[in-house]
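All remarks here apply to the structure that follows.
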Amino acid sequence: MVMEIVCPAGTPAALRAAVKAGAHTIYCGFNDETNARNFPGLNFDRTEMRSGISFAHEHGAKVLVAINTFPRAGSESIWHHAVADAETCGADAVILADLGLLDHTARNHPGLRRHLSVQAAAANADVINFYAETFGVRRVVLPRVLSVHEISAINAETDVETEVFVFGGLCVMAEGRCSLSSYATGLSPNMNGVCSPASHVEYEEDDGALDARLGGYLIHRVERNAPAPYPTLCKGCFSAGGKTGHLFEDPVSLNAERLIPQLQKAGVTALKIEGRQRSKSYVAQVVRNFRAAVDALDAGRPLPQGMLARLSEGQAMTTGAYKKTWR
Amino acid sequence: MELTVGPNQFFWSAERWESFYSDLTQSTVDRVVIGELVCSKRLPFYQDRIPEAVSRLLDAGKEVTLTTLALVTLKRELKLTAELADMGVMVEINDLTALAYIPNGCAFSVGPLVNVYNESTVNWLASRGARRICLPPELPVESVKVLAQAAKDKGVAIEVWGHGRLPLAISGRCYHARLNGRSKDNCQFACEDDPDGLDVVTSDGVPIMAMNGVQTLSDSYACTDHQIDLLRDAGVSALRLSPQADGFLELCDLYRRRVDGVLAQGELGQAMRDKHPDIRLSDGFLTGRCGAEWSGTSDQPSKAP
Amino acid sequence: MSVPQTQIPQCPVALATALRFVPLVPLSLSLTAFSRRIAKAHPDMFRRLGKHNRALFVLDPTDLPVVLLLKPNNGLPTITVSRQHGDGTARISGPLAALLGLVHGAFDGDALFFSRDLVIQGDTAAALALRNAIDDAELDLAHEVTIVSGPLARSLEQVIAFAERRTGLCLTRPEDSLSW
């Protein structure tokens, strides 16, 4: 069985580019606070969602709709409509994180396949089975805190399909359980679908050096011609205990391309690429690489060498928590 | 309004840990949540002292609840979590994994690290057996109001983060270990040196966060001096005070006097400033533009409303 | 891990020199007319800009002696060419080739930014919205030019293809055919 490539699309054009580049599955969201990439100029209105899903289906690809923020008290109907509309538009599944929304969807849309978002941070087999038994969850996107060995152990103890991130931005913190962004800016992934939002970012170029601030806090300063990461709080340059540096995580992005064979052995069903905020050119390049890799693996050929570094943040890459020493 | 002492977030020596909970028997708080929240590696150092501390607190008339870990991944952590459910004491879940072990309908509490953002989640948790929910600290007061109402309809008590460094994130990676060039498995308990967390400052010297092993906290100490009346009116039944290494009993007493109306709005913040002039206070998650904001601009206590 | 470098071509000196002397008012007028044509063909682009529809974008090709001041103006865009530094809601600076490559979807905006080929100043959210709106619109500037030029289209296409080969600038949209 070829591993499934699950690819992001922030715009209809990116969805089409991803399908053409060979993605088996696309994930995307509505253009509001119901999805965790609620960025300016991104995402799909209802008409675009319907035609995007039709386009994907005509080409044999699936579409998952991410409704993975935590509904706001008093305004839950926005999220309920999103689930209903995703079903009407023909979505192959919805990706959910909130207990209340999972319960609502299981009761009101029993025929709509439910995936558990990484934002639910379900990090062990017992809790995954709990989600499956209680809400009929069929697939879980695993948090980026697990090693390959742990993923393997989880798959041995659950029938729920697992999907893991293999490329793109890397959360250092357990997803869906981080309020660093709202502490500094008032806007958070859980409530607003944004982390370290562009509306609170300021760049200042000073004699070649580039200062990046978030909510007024200096996140990092890079010298002339040095690569410039986006000012995400957990990847900032700070001082503590007399030491200065990237105390939480270096400005790197995840590339687990080389671990694909191990992930397959670990029982992983689908490989997920991060980056609904990235351009269609990025999406197409990354998909082509990963599709070639899983096809090679399926045919028993060696993996092609990757050429994806330039697309990465700070132009450096890591295999993240998949190797245990990362911790 | 009741006062709940949250689980200690830091790594203290067994002696400090024991004397802290022994002191709490003398305090004016109503409820104590006890146990290891942040890192399972710390537990063996004081685990054997927990039963004694629990019974002393019960004898002193306090309600006692046992917390789960905030992030359960390892086999032994799963086992630990399953065992908590059989201890005969109310469990506070801070990772939903615990629900896999608590029988349907059996009473439990929900801690601030579980994502409770809306009425449907409150209703579902209530139907599953939740009797008390401490809301996530990042919720604005508008949401607190709606959720307190929803909880009231279901007979669930609502608690809000009242005081202390805010738990902002939890990770698989240990930052104290990383700072010392070690891996998590070989951390050598670097976090023990920082009984209130280690300050993290920006390159231009502005305090922003605090590291505590696998946990990241706010630089500032949340303080609800200016929201207590608002929260009470909203139907919030308890404030959560998070343990800190120095002056905690006194802090509990200040909050008791503030919720009982002995101290006016502003006087609590002022007293806090006098006692700990070097710490920063915040209440922005509840009523500000961002979590780090503090509404007590004036040092003068204002009149009670 | 080694970092493969994609060279971003430098704009030809002749173009930069010419722009030092040509009168800018007629150039501004024709670019505005051109942008209105594009606006008519791609109304979705302005919807995507959302609340940033009234922003003023300064597009600064760093290898040219001019900047473009772009006002989306809710679907009635104007473009003013200026030799001044220019102030606006957001400023996007980089080599002309990077800016053109971005419009044509040949480059990824984030990647250009991480490598510092592109610099964003001012309202980052507005710049991001513009980037995303343009990325979705699948623009092909050369194709739009040839439509305007009617009977001359065919020969103009040849000139553009020649210019692309000679300068390395990305003047058309790269083919994205099915690769599977």
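Any read-out appearing in this document is the output of simple, stated calculations on the displayed coordinates, not a laboratory observation. The shown structure was predicted, so the numbers you read here are calculated from the model rather than taken from an experiment. Neighbour counts run over all protein chains shown; Cβ positions are idealised from the backbone, glycine included.
Ranked highest first by the average count of other Cβ atoms within 10 Å around their residues, in what order do B:136-142, A:280-286, C:75-81 fall?
Put in order of decreasing packing, that is A:280-286, B:136-142, C:75-81.
Taking the Cβ of B:Asp48 as the centre, find all other residues whose Cβ is under 14 Å away and add up their charges (Lys, Arg: +1; Asp, Glu: -1).
Summing Lys and Arg as +1 and Asp and Glu as -1 gives -2.
Determine the percent antiparallel among the DSSP beta bridges restricted to the stretch C:13-138, to the nearest 5.
The antiparallel proportion sits near 70 percent.
Using 7 Å Cα-to-Cβ label points, what is the A:Ser75/B:His276 separation (nm, one decimal)?
Distance between label points: 3.3 nm.
Output ³J(HN,Hα) for the stretch B:241-253: one whole-Hz value per residue in order, computed from phi by the Karplus curve 6.51 cos²θ - 1.76 cosθ + 1.60 with θ = phi - 60°, and x for Gly and Pro.
Here the 3J(HN,Hα) series is 10, 9, x, 9, 5, 10, x, 6, 4, 4, 4, 4, 5 Hz.
Using only atoms on other chains, find how many Cβ atoms lie within 10 Å of each Cβ of peptide A:225-232 and report the average.
Shielding by partners across A:225-232 averages 3.
Whole-Hz Karplus ³J(HN,Hα) for the stretch B:256-273, in order, using 6.51 cos²θ - 1.76 cosθ + 1.60 and θ = phi - 60°, x for Gly and Pro?
4, 5, 5, 6, 7, x, 6, 9, 7, 4, x, 6, 5, x, 4, 4, 4, 4
Taking chain C as a Gaussian network, where each spring joins two C-alpha atoms under 10 Å apart, which residue of C:Gly109, C:Gly94, C:Gly50 fluctuates the most?
C:Gly50
On a full-extension model of 0.36 nm per residue, what is the gain between A:Lys323 and A:Ala156, subtracting their alpha-carbon distance, rounded to one decimal in nm?
58.2 nm
Using only helices, what value at 222 nm comes out for chain B when you add -39,500 (n - 2.57) per DSSP H run of length 4 or more and divide by the total residues, to the nearest 500 deg cm²/dmol?
Value at 222 nm, helices only, nearest 500: -8500 deg cm²/dmol.
Among B:Thr97, B:Thr73, B:Thr25, which one shows the highest mean-square fluctuation when chain B is modelled as a Gaussian network with alpha-carbon springs under 10 Å?
B:Thr73
Let's test the formula: R0 of 22 Å, r as the Cβ-Cβ distance of A:Ser199 and B:Glu293. What FRET efficiency results, to the nearest 0.05?
Efficiency at R0 = 22 Å is approximately 0.85.
Sort A:84-90, A:195-201 by the packing proxy (mean of other Cβ within 10 Å over each peptide's residues), most packed first.
A:195-201, A:84-90
Mind checking the full-extension length gain between B:Arg182 and B:Phe45? Use 0.36 nm per residue of separation minus the Cα-Cα distance, one decimal, nm.
Gain on stretching B:Arg182 to B:Phe45: 47.3 nm.
For A:Thr318, list long-range residues whose amide hydrogen, built 1.01 Å from N in the peptide plane, is under 5 Å from its own amide hydrogen.
So A:Thr318 has HN proximity to A:Ser253, A:Leu254, A:Asn255.
What residues have an amide H closer than 5 Å to that of B:Glu2, excluding those fewer than 5 places away on the same chain, when H is modeled at 1.01 Å from N in the peptide plane?
B:Ala238, B:Leu239
As an exercise, use a Förster radius of 41 Å and the Cβ-Cβ distance of C:Val159 and A:Ser51 to find the FRET efficiency, rounded to the nearest 0.05.
Taking R0 as 41 Å, the efficiency between C:Val159 and A:Ser51 is 0.70.
Given R₀ = 45 Å, FRET efficiency for B:Met87-A:Leu303 by Cβ-Cβ distance, to 0.05?
FRET efficiency, B:Met87 to A:Leu303: 0.35.
Within 10 Å of each Cβ in peptide B:204-213, how many partner chain Cβ atoms are there on average? Round it to a whole number, please.
That works out to 4 on average.
Search the structure for amide H atoms under 5 Å from the amide H of A:Ile219, placed 1.01 Å from N in the peptide plane, and list their residues when 5 or more places away or on another chain.
For A:Ile219, whose amide H was placed from the backbone, the distant partners under 5 Å are A:Ala212, A:Arg213, A:Leu214.
Could you check the simple spin-label distance between B:Leu58 and C:Arg47, using points 7 Å along Cα→Cβ, in nm with one decimal?
6.4
Counting each DSSP H run of 4 or more residues in chain A as -39500 (n - 2.57), what helix-only mean residue ellipticity at 222 nm follows after dividing by all residues, to the nearest 500 deg cm²/dmol?
-9000 deg cm²/dmol
Can you give me the span-like helices of chain C, meaning DSSP H runs with 18 Å or more of Cα extent along the axis and Kyte-Doolittle mean at or above 0.0?
TM-like helix candidates: C:24-41, C:124-137.
Each residue of the stretch A:144-149 in turn: what ³J(HN,Hα) in whole Hz from Karplus with 6.51, -1.76, 1.60 and θ = phi - 60°, glycine and Pro shown as x?
My calculation for the stretch A:144-149 gives 7, 10, 9, 8, 4, 4 Hz in order.
Students often check this: by mean Cβ neighbours within 10 Å, which of A:50-63, B:242-255 ranks highest, and how do the rest follow?
B:242-255, A:50-63
Working out 0.36 nm times the residue gap between B:Arg16 and B:Val141, then minus their Cα-Cα distance, what length gain in nm do you get to one decimal?
41.5 nm
In peptide B:102-115, what is the residue-averaged number of other protein chain Cβ atoms found within 10 Å of each Cβ?
That works out to 1 on average.
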